[in-house]
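Remarks on the structure that follows.
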Amino acid sequence: MRLWASLPRDLAIRFTPRVNPLARAILREVQRAVPEYRRPLEGGFGRVITQGVRQSVLQCLESVGATVPAAVPVDAWAAVFRNLGKIEFQEGRSLDCLQTAYRVGGQVAWQHISDFARATGMSTEALCTGAEAVFAYVNEISALSIEGYTSARARAAGTRVRRRRRLVELLLSDPSPAPGAVAAQAETAEWTLPAEVTVVALEPRPGRAPDIPPDLHPEVLTVLDGDEPCLVTGDPRRDLRDLAAVFPGRRMVVGPTVRTADASRSLVWAQRTLRLVQRGILPDAQVTRCTDHLSTLWLLADEFLIRELCARSLEPLAGLTPKQRARLGETLLVWLQTRGGSAPEIGKRLGVHPQTVRYRMRQIVDLFGARLDNPDDRLDLEIALRAEALLSS
């Protein structure tokens, strides 16, 4: 506004009758130049754009010859152009339309000022100052609209994040909420509710800032902070191909794909699998899939019961040294797995001489006796030995 203030005050007085024609001309040319604005100037849109144009002209005119030009824009004036930026975001447009409108408005204003200068004999110096003032003003109101647009976008993003976090909480709650509640929250969170979902459990990172994955699809729901960070997707083939690259150096477990109503189960099994990876029971891979380890997950689903089974089924080995127990246990397990295989076959798998296998099997028969002939006992023995081998790892 400093440039406007440097102009003589009498110019503003003489230009006042031209304010309304100028405002109408700007509106007409803006609508001609910007197809998105070619609609009747009525309702909220009409009021705002008309107010914006008129406010622009009046603000400039009031600043001409001002003895103490404002250091910053007047709040009410600045709010008009911030609001225009907010409206553009709410209408789903980029700022291109509004920036074009400002440029066109500046050109129309300059044309009217030129005509006024010729008609009134305005000095060349004043005319040049007026031109500079017009285009500086266009830059100023453009900056205000960018500020309003950015603010509206940030608020919308924050609201969307909160709504999606609430959606994740609903999806993963146990017991499952009513389907209608999930569907309503999904609509509010702008998330397409799929028939099935897959949950990915991420290893927590205490004391560290959460990851900000730049390459995840917008339909992936994320909760990256807290004790149980996770992702939820309705399209694992699309969304989970590059997990290792998105979260470098962080363990992740892909849960089973389940009905959306059973999303909490996918999370439970993903977390259980993650704990087994952390304990070294499952291989230490960056990305692990539950479905690759279903038998292990089933076997260790209840460690209290499996330890009770081990203690009961393997009680005959209790009096042996740890080394003896390990040797007889692995031999018995291979014998069970090969359905009573021959000594050479078992020896080949264990890497020992067949005679060693025969010696060990005699000990095993002495310890377990008739239980080796009972199908139910053999099943219990194999389960117990497999579980013991996993837990001891």
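When the range 42-78 is examined, which residues are found to be open to solvent by 50 Å² or more (accessible area, probe 1.4 Å) and at pLDDT 65 or above?
47, 50, 51, 54, 55, 58, 62, 75, 76 - these are the residues of the range 42-78 that are open to solvent by 50 Å² or more (accessible area, probe 1.4 Å) and at pLDDT 65 or above.
Taking only the range 371-393 into account, find how many residues are closer than 15 Å to residue 327 by Cα and without any contact (Cβ under 8 Å) to a residue 24 or more places away in the chain.
Summing the residues that are closer than 15 Å to residue 327 by Cα and without any contact (Cβ under 8 Å) to a residue 24 or more places away in the chain in the range 371-393 gives 1.
Mind checking which pairs have a first residue in the range 4-29 that is loosely packed, with under 13 Cβ neighbours inside 10 Å and a second that is at pLDDT below 75, Cβ under 6 Å, 6 or more apart or different chains?
Between residues of the range 4-29 that are loosely packed, with under 13 Cβ neighbours inside 10 Å and residues that are at pLDDT below 75, the close pairs are 9/65.
Give me a count of the residues in the range 218-229 that are in contact with a Phe, Trp or Tyr (Cβ under 8 Å, 6 or more places away or on another chain) and either part of a loop (DSSP other than H, G, I, E, B) or free of Cβ contacts under 8 Å to residues at least 24 places away in the same chain (or both).
Just the residues of the range 218-229 that are in contact with a Phe, Trp or Tyr (Cβ under 8 Å, 6 or more places away or on another chain), to begin with: 219, 221.
Next, only the ones that are either part of a loop (DSSP other than H, G, I, E, B) or free of Cβ contacts under 8 Å to residues at least 24 places away in the same chain (or both) stay: 219.
Result for the range 218-229: 1.
Give me a count of the residues in the range 190-199 that are more than 21 Å from residue 162 (Cβ to Cβ) and not acidic (Asp, Glu).
3
When you go through 148, 130 one by one, which is the residue that is in a helix (DSSP H, G or I), at pLDDT below 75 and surrounded by 17 or more Cβ atoms within 10 Å (Cβ to Cβ)?
Criteria check complete, one pass: 130.
Can you tell me how many residues within the range 346-355 are assigned to a loop (DSSP other than H, G, I, E, B) and surrounded by fewer than 17 Cβ atoms within 10 Å (Cβ to Cβ)?
So the answer is 2.
The values are calculated or read from the model by the stated rules, or taken from the named source; none is laboratory data. Everything quoted here is computed from the prediction, not taken from an experiment. Backbone-built Cβ (ideal geometry, glycine too); neighbour counts: all protein chains shown. Ligands, DNA and RNA are excluded from the accessible area calculation, which covers all protein heavy atoms including side chains. Shrake-Rupley method; radii C 1.70, N 1.55, O 1.52, S 1.80 Å.
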